[in-house]
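Asks: First the structure, then my questions, so here it is.
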Amino acid sequence: VRDLIAAALDAGIRLFDHADIYGGSGKAEEAFGNALAGAPRMRDGMIIATKCGIVPGVPYDSSAAHIARAAEDSLRRLRIEAIDLYQIHRPDLLAHPEEVAAALAKLRAQGKIRWVGVSNHSPFQLEALQRSCLFPIITHQPELSAWHLEPFRNGLIDQCMRLRMTPLAWSPLAGGRLGLSAAEARASPDGSRLAALIERLDLLAARENAPRSAVALAFLLAHPAGIIPIIGTQRPERIRDAAEAFRVRLARADWYGIVEASQGAPLP
Ligand SMILES: NC(=O)c1ccc[n+]([C@@H]2O[C@H](COP(=O)([O-])OP(=O)(O)OC[C@H]3O[C@@H](n4cnc5c(N)ncnc54)[C@H](OP(=O)(O)O)[C@@H]3O)[C@@H](O)[C@H]2O)c1
């Protein structure tokens, strides 16, 4: 874990995204916390994000009592004084936004969390929560990639720009599907549309002399909303590949070409 963190820091990556459920019952937070405790200098300049609100078997709980307890548990496992970015993982339909807001405000007042974000909320759900909060919600984390374009269409990214929130893109390589060969993609359930997208990304990758993953990430970086892709690889060499996204230059025609390949139809 320490080597992976070091590889990310070396590549200029500072934001580390966790959730209490990752790895099963806090195991991922625990492993990260132990690695950090062994090399505390790594914490300098690092932004540690985590999430609460998904409870296996429940399935969602954003009650005030749960949020308070979950934050304490994450702090203990991560072995840090404060969580830089605390996110509500998925909306709990049974928790009133005012209850969620009050729980988050209390954690902020106690100095246990610095900033607040949400994940997998609709624009309306974000609006309802933001109206109950006296502090800004600064990030929204939807699934977003060259393959999964919905947040560009459902108002979420527009809302981020309007409210000056930073979008964090989960599964920016479509959970690894954008790493398949075109032949593998064609044989997958996503078939020819995924293969066509991969071929389009490969053409741009050859032109830019960059890995395909870097082009897929550059697609997100090129958007004016200031999207931060949250990469999920467990391999240092792929972390380094991802960082090449910063030097890939996509023209407007390249960007819309990726959209057309992804949706399998020309834009009007
Ligand atoms: N908020 C939410 O509800 C939510 C949901 C899902 C994820 N997330 C966040 O988003 C992060 C990333 O999600 P993700 O892991 O799905 O992201 P991803 O980067 O789209 O996919 C990662 C997967 O792709 C593989 N991969 C990466 N580069 C590859 C390449 N060049 N060729 C082939 N395979 C490649 C990785 O395998 P290797 O490890 O072998 O490289 C890994 O299995 C998570 O860690 C989490 O922080 C949030």
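Asks: Kindly provide the set of residues from the stretch 177-191 that are touching a residue at least 12 places away in the same chain (Cβ under 8 Å) and either exposed (fewer than 13 other Cβ atoms within 10 Å of the Cβ) or hydrophobic (A, V, I, L, M, F, W, C) (or both), ordered by number. Outline the logic, then answer.
Replies: The first filter runs over the stretch 177-191 and keeps only residues touching a residue at least 12 places away in the same chain (Cβ under 8 Å), leaving 177-183, 185, 190.
LEU178, LEU180, SER181, ALA182, ALA183, ALA185, listed by residue number.
Asks: Out of the helices (runs of 4 or more DSSP H) lying entirely within the stretch 193-268, which hold 2 or more residues that are modelled with pLDDT of 95 or more and open to solvent by 60 Å² or more (accessible area, probe 1.4 Å)?
Replies: Numbers: elements: 212-221, 236-243, 252-263.
In the stretch 193-268, 236-243, 252-263 are the helices (runs of 4 or more DSSP H) which contain 2 or more residues that are modelled with pLDDT of 95 or more and open to solvent by 60 Å² or more (accessible area, probe 1.4 Å).
Asks: Could you list all residues from the stretch 240-268 that are in contact with a Leu (Cβ under 7 Å, 6 or more places away or on another chain) and within 9 Å of the ligand (Cβ to nearest atom)?
Replies: ALA242, the sole residue that qualifies.
Asks: Next question, about the same structure. Of all residues in the stretch 7-41, count the ones that are in contact (Cβ under 8 Å) with a residue 40 or more places away in the chain, among the aliphatic types (A, V, I, L, M) and farther than 15 Å from TYR86 by Cβ.
Replies: So the count comes out to 6.
Asks: Looking at GLY117 and the list (1) over 21 Å from GLN159 (Cα atoms); (2) at pLDDT 95 or above, which single condition is not satisfied?
Replies: (1)
Asks: Next question. Taking SER192 as the residue in question, decide whether it is within 11 Å of the ligand (Cβ to nearest atom), out of contact with any Leu (no Cβ under 6 Å at 6 or more places or on another chain) and of a type in the set (Gly, Ala, Ser).
Replies: Values: within 11 Å of the ligand (Cβ to nearest atom): no; out of contact with any Leu (no Cβ under 6 Å at 6 or more places or on another chain): yes; of a type in the set (Gly, Ala, Ser): yes.
Judged against the criteria, SER192 is not a match.
Asks: Pull out all pairs, ordered by first then second residue, where Cβ-Cβ is under 6 Å, the residues are six or more apart or on different chains, the first lies in the stretch 128-155 and is more than 14 Å from GLU98 (Cβ to Cβ) and more than 16 Å from the ligand (Cβ to nearest atom), and the second is at pLDDT 95 or above and open to solvent by 20 Å² or more (accessible area, probe 1.4 Å).
Replies: Once the first residue is more than 14 Å from GLU98 (Cβ to Cβ) and more than 16 Å from the ligand (Cβ to nearest atom) and sits in the stretch 128-155, its partners that are at pLDDT 95 or above and open to solvent by 20 Å² or more (accessible area, probe 1.4 Å) give GLY155/PRO123.
Asks: Could you tell me whether ALA101 is within 21 Å of the chain's Cα centre (by Cα) and either crowded, with 21+ Cβ neighbours inside 10 Å or assigned to a strand (DSSP E or B) (or both)? Steps first, answer last, please.
Replies: Details: within 21 Å of the chain's Cα centre (by Cα): no; either crowded, with 21+ Cβ neighbours inside 10 Å or assigned to a strand (DSSP E or B) (or both): yes.
No, not satisfied.
Asks: Let me ask you something else. If a residue must be away from the ligand (no atom under 14 Å from the Cβ) and open to solvent by 10 Å² or more (accessible area, probe 1.4 Å), how many such residues does the stretch 112-124 contain?
Replies: Counting residues in the stretch 112-124 that are away from the ligand (no atom under 14 Å from the Cβ) and open to solvent by 10 Å² or more (accessible area, probe 1.4 Å) gives 5.
Asks: Separate question: Does PRO172 qualify as being crowded, with 21+ Cβ neighbours inside 10 Å, closer than 23 Å to VAL100 by Cβ and within 13 Å of the ligand (Cβ to nearest atom)?
Replies: Working: crowded, with 21+ Cβ neighbours inside 10 Å: yes; closer than 23 Å to VAL100 by Cβ: no; within 13 Å of the ligand (Cβ to nearest atom): yes.
No; evaluated as a whole, the condition is false for this residue.
Asks: Looking at (1) under 25 Å from PRO167 (Cα atoms); (2) out of contact with any Leu (no Cβ under 6 Å at 6 or more places or on another chain); (3) among the acidic types (Asp, Glu), find the lone condition where GLU81 falls short.
Replies: Going through (1) under 25 Å from PRO167 (Cα atoms); (2) out of contact with any Leu (no Cβ under 6 Å at 6 or more places or on another chain); (3) among the acidic types (Asp, Glu) one by one, GLU81 breaks only (1).
Asks: Report, ordered by the first and then the second residue, all pairs with beta carbons closer than 9 Å, sequence separation of six or more or different chains, a first member in the stretch 83-110 that is within 13 Å of ALA65 (Cα to Cα), and a second member that is assigned to a loop (DSSP other than H, G, I, E, B) and among the basic types (Lys, Arg).
Replies: These pairs meet every condition: LYS106/LYS112.
The values are calculated or read from the model by the stated rules, or taken from the named source; none is laboratory data. Please read all numbers here as calculations on a predicted model, not as lab measurements. Note that each Cβ is placed from the backbone with ideal geometry, even for glycine, and that neighbours are counted across all protein chains shown. Quick note on the areas: whole protein, heavy atoms, side chains included, nothing else; ligands and nucleic acids left out. Shrake-Rupley method; radii C 1.70, N 1.55, O 1.52, S 1.80 Å.
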